[in-house]
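This report refers to the structure that appears directly beneath it.
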Amino acid sequence: MKVKILEYDEDKEITLELLGEGHTFANIIREFLCDARDVDSAGYYKEHPFVNKAKLVIKAAPKRKIDKAVRTACKDLTKSVDDFYKLLEKTK
């Protein structure tokens, strides 16, 4: 996966293009972004169903920094995946 920054305003909004990704990753990162307290809203869209890229739009909550929100959501997602993996390992 490659990530391209299309628009960036540190205090308000960032638009990222997720190259090589479809609904699966875009939707799960959107869920974690929506749970972050620094995020007002997050959404994604695909311009065409056959093109394997998605655009992710994240809006910061008032007086919050958008880069902190993205880092927090990524850390939370990583922790959830690690916890799930550990549960799977216990079932062996």
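Going by the conditions given, is Thr15 under 12 Å from the mean Cα position of the chain (by Cα), among the polar types (S, T, N, Q) and loosely packed, with under 12 Cβ neighbours inside 10 Å? No: the conditions fail for Thr15.
When segment 41-56 is limited to residues that are surrounded by fewer than 17 Cβ atoms within 10 Å (Cβ to Cβ) and in contact with a strand residue (DSSP E or B) (Cβ under 9 Å, 6 or more places away or on another chain), the one that is nearest to Gly20 (Cα to Cα) turns out to be Asn52. Selection within segment 18-45: residues that are touching a residue at least 12 places away in the same chain (Cβ under 8 Å) and among the charged types (D, E, K, R). The member of this set that is farthest from Lys68 (Cα to Cα) is Glu21. Could we say that Asp9 is modelled with pLDDT under 95 and closer than 20 Å to Asp76 by Cβ here? When the stated conditions are applied, Asp9 does not pass them.
Results for (1) farther than 23 Å from Ser80 by Cα; (2) of a type outside the set (A, V, I, L, M), shown as yes or no for each residue.
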| position | (1), (2) |
| --- | --- |
| Lys12 | yes, yes |
| Gly20 | no, yes |
| Ile29 | no, no |
| Gly43 | no, yes |
| Glu47 | yes, yes |
| Asn52 | yes, yes |
| Ala60 | no, no |
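Taking segment 1-17 as the range and being among the charged types (D, E, K, R) and in contact (Cβ under 8 Å) with a residue 24 or more places away in the chain as the test, the residues that pass are Asp9, Glu10, Asp11, Lys12, Glu13, Glu17.
Scanning segment 58-76 for residues that are hydrophobic (A, V, I, L, M, F, W, C) and either modelled with pLDDT under 95 or surrounded by fewer than 17 Cβ atoms within 10 Å (Cβ to Cβ) (or both) yields Ala60, Ala61, Ile66, Ala69, Val70, Ala73, Cys74.
The values are calculated or read from the model by the stated rules, or taken from the named source; none is laboratory data. Remember, predicted model here, so these are calculated numbers, not experimental data. Note: ideal-geometry Cβ built from the backbone for every residue, glycine included; neighbour counts use all protein chains shown.
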